[in-house]
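S.K.: Submitted below is the structure of interest, expressed as structure tokens.
The values are calculated or read from the model by the stated rules, or taken from the named source; none is laboratory data. This is a predicted model, so every value here is computed, not measured. We place every Cβ from the backbone using ideal geometry, glycine too, and count neighbours over all the protein chains shown. Heads up: the accessible areas ignore ligands, DNA and RNA and are worked out on the full protein's heavy atoms, side chains in. Shrake-Rupley method; radii C 1.70, N 1.55, O 1.52, S 1.80 Å.
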Amino acid sequence: MSPGNLLSGPAHSDIEQRAVAALPPGTRVHAATVVRPGPRLRRPARRHRPRVLVGQRLPGDRWAGFKRGVWGGFRLYDIFAPDLDPFWWLHRNRTRRAGKPLTGGRGSLAGRFASALYPRVPTTDAATVLLLTDRDAMLVYVQRSRRGDQLGATEPGLTVPAHDLLSVTHQPQAGSDACDLTFTDQSVVRVNCPWRSGPRLWESSR
């Protein structure tokens with residue numbers, strides 16, 4: 001899956017509501033937002049990525065997956081993109097000035113969080129939602145058709161105690177939606193989320 005191709009289809013609010021509805025009755029939710037890997041956050045090794053929504057399919061997923069596999073072999077743009085953009089080095093330097101997208105290593109809280117942002121979804125697609133409840137900070141995967149027009153099942157992902165999330169800091173140098181999540185072990189991971197959610201996440205994590 002390409003984590004979070006959310007430019008079309010269901011709105012972020014619909015995805016967030018689907019994730020909240022999957023929680024046990026009576027759970028108090030302080031904040032919910034769709035999150036994606038932040039700028040320059042590298043994809044971890046396959047063995048570190050969670051496998052989710054196994055066997056789940058929505059109408060059109062099989063055909064869309066076949067087309068994606070065929071066209072994937074012809075995606076030369078990713079190879080030649082730097083040469084097509086005469087200002088690519090400016091973009092690179094801007095994100096580098098914003099600092100590292102992950103500190104603390106893969107075994108830290110931030111490292112585990114970063115790995116969970118790259119789920120392996122073999123038969124469908126998924127959007128990742130960060131939920132802050134009165135007890136936990138957790139990721140929930142919401143099934144999203146490969147055509148991008150339907151939502152389906154949900155599956156809980158990484159969960160840590162809410163007090164382990166120290167702060168949420170906006171990083172405009174890295175991107176308009178880039179935020180740094182800092183944990184109690186002093187590890188930090190950069191994510192992309194609508195910045196309108198940043199203050200709510202911070203207030204909820206205090």
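S.K.: How would you rank 143-150, 114-121, highest first, on the average number of other Cβ atoms within 10 Å across their residues?
M.R.: Answer by packing, highest mean first, reads 114-121, 143-150.
S.K.: Separate question: Arranged from highest to lowest average of other beta-carbon atoms within 10 Å per residue, in what order do the peptides 173-182, 160-169, 44-53, 21-30 appear?
M.R.: 173-182, 160-169, 44-53, 21-30
S.K.: Follow-up question, since we're still on this one. Suppose R0 equals 22 Å. What FRET efficiency, 1/(1 + (r/R0)^6) with r the Cβ-Cβ distance, do THR103 and ARG46 give to the nearest 0.05?
M.R.: About 0.45, to the nearest 0.05.
S.K.: How far apart, in nm, are two points set 7 Å out from the Cα along the Cα-to-Cβ line at GLN150 and at GLN173?
M.R.: A separation of 4.6 nm, rounded to one decimal place.
S.K.: Under the 0.36 nm per residue contour assumption, what length would be gained going from the current alpha-carbon distance of ARG135 and THR123 to full extension?
M.R.: 1.1 nm
S.K.: Turning to a different aspect of this structure: Given a 1.4 angstrom probe, what's the average accessible area per residue across the range 105-188, in square angstrom? Walk me through the intermediate numbers first.
M.R.: Numbers: 2890 Å² over 84 residues.
Per residue, the range 105-188 has an accessible area of 34 Å².
S.K.: Okay, moving on. Multiply the residue gap between ARG62 and ASP14 by 0.36 nm, knock off their C-alpha separation, and tell me the result in nm, one decimal place.
M.R.: 14.9 nm
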